[in-house]
Structure formats: structure tokens, C-alpha cells
1. Just give me the residues in segment 146-178 being in a helix (DSSP H, G or I), surrounded by fewer than 17 Cβ atoms within 10 Å (Cβ to Cβ) and polar (S, T, N, Q), in sequence order.
2. Restricting attention to segment 124-132, does a residue exist that is within 19 Å of Met163 (Cα to Cα), modelled with pLDDT of 95 or more, out of contact with any Gly (no Cβ under 9 Å at 6 or more places or on another chain) and buried (at least 19 other Cβ atoms within 10 Å of the Cβ)?
3. So the check is Cβ under 7 Å with 6+ separation or different chains; which pairs have a first residue in segment 56-74 that's assigned to a loop (DSSP other than H, G, I, E, B) and a second one that's aliphatic (A, V, I, L, M)?
4. So, in segment 109-126, of the ones that are out of contact with any Lys or Arg (no Cβ under 7 Å at 6 or more places or on another chain) and among the hydroxyl-bearing types (Ser, Thr, Tyr), which residue ends up nearest to Tyr37 (Cα to Cα)?
5. Look at Phe72 and say whether it is touching a Ser or Thr at 6+ places or on another chain (Cβ under 7 Å), at pLDDT 95 or above and aromatic (Phe, Trp, Tyr).
6. Among (1) touching a Leu at 6+ places or on another chain (Cβ under 9 Å); (2) closer than 30 Å to His36 by Cα, where does Gly106 come up short?
7. Filter segment 80-114 down to the residues that are among the polar types (S, T, N, Q), outside any loop (DSSP other than H, G, I, E, B) and under 13 Å from the mean Cα position of the chain (by Cα) and list them by number.
Amino acid sequence: MKKWQTLSRETVFTNPWYSFRHDRYVLPDGTPGDYHYIHTHGAVMIVPVHENGTLALVKQYRYLLGRESIEFPAGGVPAGESPEDHARQELAEESGLSAAEWKRLGSFASWNGATNEECTVFEARGFTPVDAEQDASEEIERLTVSPAAFEEWIRSGRIDDGMTLAAFLIWRSATGRR
């Protein structure tokens, strides 16, 4: 497939988490166009697995949905920070855990029609409780669930966060769980 040619790039708005950009481009057939999208420095999602095989999740309010969402701990990676370092920080902030064992499982494009964000998925094990300050916008309830119950929550619609679903599939595939 032929790539599109970028003619110009403008940053319309920026904040600590992302930038809203406007690109002008030309298709391989010469047709010009505009693309508006969100640029990020990536995201991380952690699948925390307790010694007994249960998974640690967080339930938090999501403003854009107007409701609570059950998810794995996650967050956007700030510019200049590594996904590994930020994953450790997010796990502590959201789940109150520090992990001794880390494994990078893979990555996925979270919404490739609207953002260039790539989410890196990690498995974390060997926990020690830690005190960590949560982000002011986060009011988090911590949950623990078996993988079988997690799958039932997917079927019932209780878990519907796309990034959590993708991370679970990557984790299940990487660990050979069925």
C-alpha cells in the first residue's frame, strides 16, 4: 500500500496528556485532504495478577460516559517518560501495589482512526502494598476477580472498556490461558 504524503502539521491545542493536531495530506492518487486527530506519547495498561491467579481491577467514574467503568490500571505516558516507568507509577497510584515482577506482553493501537496512540500492555506480579497519591480526577474502587468471573463480566456487559478488553486478550494469548 502506498503511504499518504503529509504536507503540513499544525498543533491546534495541547495539554499535559495529548495534542489535538490538524494535518494536510495528499493521497497517492493526488487527492488532497485534512486529518484531525489526537497525538499522544502512548499509554500503558497493566494486568495485575495475584499469587492466587486473581486479577486486580479498578472501578472509576468516566466523565464522557457519565458512568463508572471497570478497567485494568492504566494511563497516558507523559513526554520523555518510558512506558515501563509509567506503568509502575500507574499501578501504584490506581491499585496501591508495587510489583516485583514485570513482563511486557505487547501493544495495540487504541483507536487508530482518531489517535496515533499505542498502548503497551504489561503483566505485573509479586505485590507489595504501597501508599500512593491518586490523581485529583480519580476516585477509584479497587476490585479483585478471577479470570473466569472477568470473562462473565465481559459477557454480561459489566466490563466494556475497549482497552481493558484488548489487554485481557493480549494477556490471555501471551500466557496461554483459555
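The values are calculated or read from the model by the stated rules, or taken from the named source; none is laboratory data. Given the structure is predicted, the values throughout are model-derived calculations rather than measurements. Don't worry about glycine lacking a Cβ; one is built from the backbone with ideal geometry, like all the others, and counts go over all protein chains shown.
1. Ser156, Ser173, Thr175
2. Yes, the conditions are met somewhere in segment 124-132.
3. What qualifies is Phe72/Met45; Phe72/Ile46; Phe72/Val47; Phe72/Leu57; Phe72/Ala167; Pro73/Ile46; Pro73/Val58; Pro73/Leu91.
4. At the first step, the residues of segment 109-126 found to be out of contact with any Lys or Arg (no Cβ under 7 Å at 6 or more places or on another chain) are 109-119, 121, 124-126.
Right, trim to among the hydroxyl-bearing types (Ser, Thr, Tyr) and you get 110, 115.
Values: Ser110: 13, Thr115: 5 Å.
Selected residue: Thr115.
5. yes
6. Result: Gly106 fails condition (1) only.
7. Scanning segment 80-114 gives a single hit, Ser107.
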